[in-house]
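One structure below.
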Amino acid sequence: MTDVRVYLCRCFSEVDRTVDLERIQERLLQNASVASSTIVDSLCLDSDIQRVAAEIKESGAERVVIAACSTMGRGDSVIEGLAEEGVDRFAIHLIDIREGCAWIHQDEPEGATFKAWNLIDMGVSLVAKKDRSDDVTIRVRPEVLIIGAGPAGLAAAVMVAKLGYTVHCLDRAAHPGGMLRFISRSYPNDEDAVLKLAPYLDEIHNNARIAFYPQARVETVTGFAGNFTVRFSSGGQERWIRPGAIIIATGAMVYLPHGLYRYGETQNIITQMELERRLQSESDSIQNAVFVQCVGARIPERPYCSTICCPASIKNAMRIVEKNPDARVSIVHRDIMMPGSILEDYYRRAMLQGVQFVRYRDDMLPAIKGYEQVRAVEVHDSITGTTRVLDADLVVLSTPLVPNPDNRYLADMLGLQCDRYGFFREIYPLHPLETRMEGIFICGSARWPVSSDQAIVQGEAAAMKVISLLGKGEVAASSFSRVPGQKFGHATVNPDRCTGCGNCVAVCPFDACTLQEIEEKYTYISRVNKMRCKACGNCVAVCLNGAMQVPEHNYRAVVEMIKRAF
Amino acid sequence: MVEETTVREPKILIFACRWCGLIGADGAGKKRMSLPANFRIIPVECAAFVETDAIIRALASGSDGVIVMGCHVGGCRFNDANHAAIKRLELFQVLLEATAIGKERLLISFGTAHEGHQFSDVIQNYTTVLRELPPIDPWISTLSVRR
Amino acid sequence: MREERSPMLEEVKRLAKTALQEQRVEGVLGLKKDVGNVIQPHIFERSDDLDALVLEPKWLFAKLAMKILRVSDTGYRLAVVCRGCDERAIVELVKRNQIAENSIMTIGIACGDAQAAACLCERPYPENIAAGEKKQGVDPFNDERVRQFLVGDTSERVARWLRVLRRCIKCYGCRNSCPICICEPCKLEDDTWVPKGVIPAEMMCFHLIRAFHLSDTCVACGACQDACPVGIPLLNLQLSMRRTLTEKFCYEAGIDRERKSPILRNFFDEEEKGRDIPDWVSSLE
């Protein structure tokens with residue numbers, strides 16, 4: 001490759017105040033790969049972009065090196081501008097000699113000039129030796145699979161259907177609605193849960209685009225974003241579908257506190273969910289109720305806060321007082337977590353209605369009084385320092401939401417990871433609801449304990465992310481980038497060198513490599529799934545033979561850069 | 001090519017990932033911090049991209065030390081790619097130590113250089129460390145590998 | 001050492017003959033004492049031939065077995081008479097998809113004290129011992145021949161390493177005899193990585209590249225230094241890394257058929273002792 005055109009930008013003297021560009025031009029004459037070099041005043045004005053693009057196209061240069069500011073300065077916009085004018089983005093390489101050289105070595109002009117020359121030399125080597133990765137384009141199938149029909153799944157299903165796509169919604173129960181079916185009222189506006197679910201259930205049953213499958217269990221999942229193949233059973237029948245995206249909204253489970261606070265041993269000690277059932281039936285009238293918060297939560301085995309138990313207790317406490325104005329209700333807590341102004345208001349209302357709040361310390365837990373039936377709760381009030389005995393004919397234990405034990409089974413099948421607690425793991429925090437598998441999204445309590453309101457919000461958000469994928473119709477693998485813009489490239493295997501050792505398969509963070517048997521003679525060769533590959537380079541680093549390369553950054557380019565660095 | 005090389009300080013080759021490493025370098029640049037001109041940066045997509053063989057080649061081609069800059073554990077753009085990278089590089093340091101080349105020749109900077117002043121500190125400190133080490137020349141049996 | 005009529009040898013011969021007679025394998029790979037007392041590797045395909053089987057000297061068959069299976073007909077099964085390190089090498093080759101697991105069978109023999117001391121071997125026995133007595137291994141780091149290279153004053157160690165590595169004539173004997181080195185073409189023959197025509201071999205490039213490629217798969221068989229014509233103690237390059245893998249990850253190459261090298265996995269799947277992985281939130285400080 002002997003046809004590299006170099007542009008040296010003075011940046012209106014910001015660069016050449018320190019770096020001697022003319023001396024670099026002389027040195028570049030000795031580099032056989034450089035066809036020509038030009039010093040310009042600037043490259044980022046519109047007039048510059050058009051002029052430079054025209055020059056490049058006319059000269060027929062195959063590669064271009066631009067020595068100017070950093071990508072985060074104006075460098076990116078220069079490349080974008082040239083690309084818009086028709087110059088192949090692949091052929092351009094940007095070298096930073098402003099932020100990376102002139103501006104930080106102002107005291108050392110000799111050293112800065114030498115360094116700038118080295119950097120440009122390295123850039124010329126890279127751009128001369130780089131190759132283009134393959135890309136692949138697929139059609140995205142306009143169907144969505146939603147696993148779970150609680151508030152998150154239902155909200156997602158309704159939104160996806162509204163925007164014109166087919167939805168397959170599965171749930172392992174016989175009816176949709178998730179845990180919301182067993183709640184009497186939902187906070188913060190005390191809405192009847194049945195009424196809240198009604199419009200969603202209406203859509204599920206009447207919208208022709210939504211198919212609901214009860215008593216369902218997912219059996220196998222293969223494929224990639226845009227084209228999954230899913231086999232599942234519903235009510236004993238085997239089915240299979242081919243969705244373009246998958247949303248996981250499987251929710252969570254309530255932790256049952258066996259062994260704590262005499263649950264299951266003494267009567268009238270129940271969980272919050274059991275209280276919801278009681279309140280649904282409307283028959284009971286409770287006189288003295290004590291809620292105990294943080295049961296089995298915020299402890300070493302489970303250090304997280306489950307977010308919904310404080311609002312739920314306050315809601316139910318107010319409900320008890322509403323039905324029986326003589327009732328005496330206390331909430332025994334470690335901290336009351338009520339974020340936001342609406343929930344804060346809710347909290348104050350409860351206090352005004354006479355609900356008592358007693359704070360305990362995690363090293364002095366409350367004690368249950370009474371053997372057959374509960375009689376009272378003894379608690380050490382950490383604010384006043386006194387021990388109080390609260391009469392109770394009902395004790396409600398607020399326990400956290402914990403992940404479904406099925407999560408790991410589903411995660412293995414789909415290629416996802418679970419976090420240390422067992423909830424589905426999201427990929428790096430700047431991509432909410434996304435997982436390490438393209439096209440698979442998580443929302444609701446399957447991701448992290450949330451209220452039904454939040455679950456609905458997340459369900460709709462996941463639906464929007466799915467729509468942004470489906471709406472494209474056709475996608476190129478290179479567009480599934482985790483970073484702004486196109487992917488850097490794709491890992492590529494040289495089949496003549498690959499020994500089938502499997503290092504790449506083990507190391508890939510996205511499970512993009514698989515081994516394929518190519519002959520009967522027990523020979524394997526690695527194959528890269530371009531839809532999953534993100535060009536992180538781990539496979540390249542562990543390939544002992546150099547069979548795996550990312551063509552845009554292949555080893556010949558790297559070694560040449562290293563040789564020319566100093 | 002051995003010209004009037006104006007690089008008197010120990011020479012450092014840096015493999016910096018585009019996210020944490022280069023952002024730190026850019027930060028130092030924007031603030032016009034004053035740094036010695038003894039280092040060169042090769043940008044990579046992720047620190048996981050860096051082969052140990054490339055580090056060996058760098059040490060054999062005139063660099064006195066190599067820095068690999070990446071993101072902190074848990075903060076990698078490519079899910080957990082940097083976990084394997086850290087394990088690999090630390091095991092490589094064991095080899096450098098076993099052969100008495102010295103584990104100081106490789107600095108693993110994951111998450112410690114993502115701001116301008118941090119980047120500057122890493123360079124300055126490492127330059128000081130490298131100055132104390134014996135020259136690397138005896139390990140390279142010929143100068144023909146440079147150029 | 002002459003062991004012609006030892007009980008261990010008789011047991012191995014019996015097992016090998018049975019394997020052939022019961023048609024569990026088509027061939028047995030071992031050492032044969034031929035005409036003129038010449039000892040060489042041999043594929044025994046008839047049980048009568050096995051009378052000439054011997055167990056000494058130390059000979060490693062893993063790579064040979066791999067190559068034999070590659071050129072044999074499909075369905076050809078081989079039994080290999082192997083020592084501890086050999087069995088570990090075979091396990092590593094199976095893990096790396098170079099040998100089909102159902103086409104190889106091991107007849108494991110344990111090494112004696114003298115052999116273990118000569119090899120400075122920590123584990124002078126296979127996991128599946130068919131014959132011989134399991135002996136306590138030795139810790140190579142207790143031996144001065146190893147310590148002088150790996151532990152202690154840096155400048156002295158540099159001088160020692162340079163003195164031995166300067167003898168290298170780049171014969172590739174180490175790479176050829178290592179059972180784990182199976183890449184074709186090999187990176188060490190690529191001019192980009194290791195400059196051609198440079199003798200002694202570019203110390204930094206040739207030896208460090210080779211050593212690190214084996215970092216997590218070396219089974220400490222010693223074939224490399226046994227093969228080296230100028231007596232470079234090449235095994236010392238690997239011992240520190242092997243020790244680190246054991247200490248940090250409880251991993252030793254060649255022991256577990258299922259477990260892949262821990263440095264390929266993330267910290268959740270393969271934890272490192274003493275490393276605390278914070279949630280991304282805490283790392284923002």
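The values are calculated or read from the model by the stated rules, or taken from the named source; none is laboratory data. Quick caveat, the model's predicted, so the values are computed rather than measured. Every residue, glycine as well, gets a Cβ built from its backbone with ideal geometry; the counts of neighbours run over all protein chains shown. When the accessible area is computed, the model is the full protein with side chains, heavy atoms only, and any ligands, DNA or RNA have been set aside. Shrake-Rupley method; radii C 1.70, N 1.55, O 1.52, S 1.80 Å.
Some points to look at:
- With θ taken as phi - 60° and the Karplus curve 6.51 cos²θ - 1.76 cosθ + 1.60 applied, the whole-hertz 3J(HN,Hα) list for the range A:186-196 is 10, 8, x, 10, 6, 6, 5, 5, 5, 5, 5 Hz, x standing for glycine and proline.
- Under 18 Å from the Cα of A:K465 - lysines, other chains or at least 8 residues apart: A:K162
- Short to long, the 5 Å bins of the Cα pair-distance histogram for the range B:1-117 hold 2, 11, 21, 23, 19, 14, 7, 2, 1 percent of all pairs.
- Listed pairs A:K130/A:K487; C:K58/C:K95; C:K32/C:K95; A:K130/B:K30 exceeding 18 Å between Cα atoms: C:K58/C:K95; C:K32/C:K95; A:K130/B:K30
- Antiparallel content of DSSP bridges confined to the protein assembly as shown, in %, to 5: 40 percent
- Chain A - share of DSSP beta bridges that are antiparallel (%, nearest 5): 45 percent
- In the range A:109-148, burial by the other protein chains removes 20 Å² or more of 1.4 Å probe accessible surface, compared with the chain on its own, from A:E110, A:G111, A:F114, A:K115, A:W117, A:L119, A:M122.
- Set of lysines with alpha-carbon distance to A:K323 below 21 Å, sequence-local pairs under 8 removed: A:K315
- Overall shape: oblate for the range A:1-61, with the ratio a/c of the largest to smallest alpha carbon gyration tensor axis at 1.5 or above and b/c at least equal to a/b.
- Average beta-carbon neighbours from other chains, 10 Å sphere, peptide C:190-201: 4
- Taken one residue at a time, the phi angles of the range A:365-376 give Karplus couplings (6.51, -1.76, 1.60, θ = phi - 60°) of 7, x, 10, 8, 10, x, 9, 5, 10, 6, 10, 7 Hz. Gly and Pro are set to x.
- Violating pairs (Cα-Cα greater than 27 angstrom) within the set A:K530/B:K11; C:K63/C:K260; C:K67/C:K248: A:K530/B:K11; C:K67/C:K248
- Average beta-carbon neighbours from other chains, 10 Å sphere, peptide C:211-218: 5
- Cα gyration tensor category, rounded, prolate or oblate, for the range C:2-131 with a/c compared to 1.5: oblate
- Taking only the Cα atoms of chain C, the ratio Rg/Rh comes out at 1.00, with Rh defined as the Kirkwood radius.
- Computed on chain A, with alpha-carbon pairs under 8 angstrom and 6+ residues apart, the relative contact order is 15 percent.
- Set of aspartates and glutamates near C:K170 by C-alpha distance (under 13 Å), chain-local residues within fewer than 8 positions excluded: C:E189, C:E202
- Anisotropy class of the protein assembly as shown from Cα gyration tensor, a/c 1.5 cut: oblate
- Share of carbon and sulfur in the accessible heavy-atom surface of chain B [1.4 Å probe, %]: 55 percent
- A 1.4 Å probe over all protein chains sorts C:M66, C:M105 by accessible area into C:M105, C:M66, starting with the largest.
- Residue-span extension gain [A:E191 to A:M364] - 0.36 nm each, minus C-alpha spacing: 58.7 nm
- Sequence-separation-based contact order of chain B, relative, with Cα cut under 8 Å and 6+ spacing, percent: 33 percent
- Packing-based ranking, highest mean first, of A:48-58, C:221-231, B:12-22, C:53-63 given that Cβ atoms within 10 Å are counted: B:12-22, C:53-63, C:221-231, A:48-58
- Taking all protein chains together and rolling a 1.4 Å probe, A:C44 ends up with roughly 50 Å² accessible.
- Loss of accessible area when A meets B, both sides summed, Å² nearest 100, probe 1.4 Å: 4600 Å²
- Cut-off under 5 Å, modelled amide H: who pairs with A:Y360 long-range: A:H333, A:R334, A:S382
- Burial order of peptide ranges B:86-95, A:356-365 (average beta-carbon count within 10 Å, highest first): B:86-95, A:356-365
- Total accessible surface hidden between C and A, rounded to 100 Å², 1.4 Å probe: 2400 Å²
- Computed E for A:M413/A:T137 - FRET, C-beta separation, R0 45 angstrom, nearest 0.05: 0.95
- Partnerless cysteines in chain C, where a partner means another cysteine C-beta under 4.7 angstrom, comprise C:C82, C:C111, C:C168, C:C171, C:C183, C:C186, C:C205, C:C218, C:C228, C:C250.
- Solvent-accessible surface of chain B, taken per residue with a 1.4 Å probe and all protein chains present: 31 Å².
- Chain C: relative contact order in percent, alpha carbon pairs under 8 Å with at least 6 residues between: 14 percent
- For the range C:218-224, 3J(HN,Hα) per residue [Karplus equation, 6.51 cos²θ - 1.76 cosθ + 1.60, θ = phi - 60°, Hz, x = Gly/Pro]: 5, 9, 6, 7, x, 4, 4
- Working ranking of peptides B:55-61, C:196-202, A:420-426 by packing, defined as the average number of other Cβ atoms within 10 Å per residue, highest first, is B:55-61, A:420-426, C:196-202.
- In whole angstrom, the range C:140-273 maps to an equivalent ellipsoid with semi-axes of 26, 20, 14, each derived as √(5λ) from the alpha carbon gyration tensor and ordered largest first.
- When all protein chains stay in place and ligands, DNA and RNA are ignored, the 1.4 Å accessible-area order of A:R132, A:R181, largest first, is A:R132, A:R181.
- Calculated FRET efficiency, B:N125 to C:D153, Cβ-Cβ distance, R0 = 35 Å: about 0.90 to the nearest 0.05.
- Carbon and sulfur %, accessible surface of the range C:2-131 computed with the full protein complex present, 1.4 Å: 48 percent
- Inter-chain Cβ neighbour count for C:64-71, averaged per residue, equals 1 (cutoff 10 Å, partner chain atoms only).
- Where N is the number of residues in chain A, Cα Rg divided by 2.2 N^0.38 Å: 1.29
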